[in-house]
Amino acid sequence: MRFKRIFLIVLDSLGVGAAMDADKYQDTSANTLGHIKENYDLFIPNLKKLGFLNTIQMDENKQVDAYYTIARPTNVGKDTLSGHYEMMGIKSTIPFKTFTQNGFPVELIEMIEQVTGRSVIGNKRMEEDEVLPLLGETQVNYGSLIVFTNSDSNLQVAAHDAIVSVGQLHQYCEKIREITLREDWKVGRVIARPFTGNIGHFHWTNERCDYAVKPPKDSILCSLKNHGLNVISIGKINDIFDGDGITKVIKATDNHDVVNKLSSIMDKNFTGLCYANLSDFDSLYGHKRDVIGYAKAIEELDVEIPLMLNKLGTEDLFIITADHGNDPTFQGSDHTRENVPVILFSRDFKNPGILSPFATLADIGALIADNFQVEEPEIGTSVLSNLQ
């Protein structure tokens, strides 16, 4: 074991250029970080020092403090589950269902109404900031359930917590999860979305709960757990893997909260992996095509970078990456099929610099498995021996 602790931070949707198969997704000109940089004068000196900006063109920079490269996606799909599954060594060839064009089938909606005893309103694609102003009052007045989706593979169910208790909403979503395991309705996640407040002032609560499908096979997380190592989840990682392989769950509300809780974990003595997801980049800025908001969020992260790096010892490895792209300058509001950045930092490194591109996101997981000497994943190749 070379590193006692590995911290893996996923900047949700922060891709760095079109993947080799981007034409299959109509994303050949996508470049999340590159286009943000073109449209906004990014000031990120700390990330720049790690080679973060060099991942856009994969140009060599010998004045960096970290190894840097890109990872190319190979799993089918460009959503959260496919990216994270691949990162943890799970090969996936069948994408999860999406219902972004016409909403969910009538038969499915009727079954939801049958198992919950409540009528359904909505049933279309909406971003979360649209839902409550449009349908919140109707939900309160009639006690119905708001069902909606976004560009991901999910079915979201919203209700006011004074009309449908949080516990009841969670029970409804458990039943809906069972229904949507049917192959032609198989979304990646069913999501309970409680809200509260008064008419005109509704807002989401922090009691969201995701019901993901079980991963199709054991991931590297399971291997780590089975060998008695810690696997600490911060943010939505636990939901993504439906708890498989996780030894400690830390919930978080936003990027700032994730960073604070990650920083706190860095003060702890443990052996294993701490795996965190910064979802605001995707949900608040990528899908909403908010270039300025996305850029400022990157700058806010940059301020936190030295605070986190200063907590690392020579037995720690700090990895920054992403799971897919979501170019805020692109048409529509969907994810984009992109390569992702990979930053590897340790105080133990003597010759940091550029690495050859990773053939798959699974190379990240393979490195982690190699370090902790657990079973090799189905896909991925470790570069641990190349880190000098």
**OP:** State whether one or more residues within the stretch 312-331 are more than 18 Å from Gln388 (Cα to Cα), in contact (Cβ under 8 Å) with a residue 40 or more places away in the chain, surrounded by fewer than 16 Cβ atoms within 10 Å (Cβ to Cβ) and under 19 Å from the mean Cα position of the chain (by Cα).
**Re:** no
**OP:** Would you point out which residue out of Thr69, Thr55, Thr28 is modelled with pLDDT of 95 or more and farther than 21 Å from Asn386 by Cβ?
**Re:** Thr28
Original post:
Out of all the residues in the stretch 43-59, is one or more of a type in the set (Gly, Ala, Ser), buried (at least 19 other Cβ atoms within 10 Å of the Cβ), on the phi < 0 side of the Ramachandran plot and in the same structural domain as Lys350 (by TED's automatic domain parsing)?
Top reply: no
**OP:** Might you let me know whether the stretch 186-201 holds any residue that is in contact with a strand residue (DSSP E or B) (Cβ under 7 Å, 6 or more places away or on another chain), outside any helix (DSSP H, G or I) and closer than 26 Å to Ile305 by Cα?
**Re:** no
Original post:
Where in the stretch 229-330 are there strands (runs of 3 or more DSSP E), lying wholly inside it, with at least 1 residues that are at pLDDT 95 or above, under 21 Å from Trp204 (Cα atoms) and in the same structural domain as Arg347 (by TED's automatic domain parsing)?
Top reply: 230-234, 248-250, 272-278
Original post:
Does Gly228 count as free of Cβ contacts under 8 Å to residues at least 40 places away in the same chain, closer than 24 Å to Ser92 by Cβ and not β-branched (Val, Ile, Thr)?
Top reply: no
Original post:
Conditions: (1) more than 20 Å from Glu86 (Cα to Cα); (2) in contact (Cβ under 8 Å) with a residue 40 or more places away in the chain. Asp41 meets all but one. Number of the miss?
Top reply: (2)
Subject >> Residue satisfying all of: in the stretch 107-150; assigned to a loop (DSSP other than H, G, I, E, B) and modelled with pLDDT of 95 or more; farthest from Ser279 (Cα to Cα) among these >> reply: Gly117
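The values are calculated or read from the model by the stated rules, or taken from the named source; none is laboratory data. Here the structure is a predicted model, which means the values were calculated and not measured. Note that each Cβ is placed from the backbone with ideal geometry, even for glycine, and that neighbours are counted across all protein chains shown.
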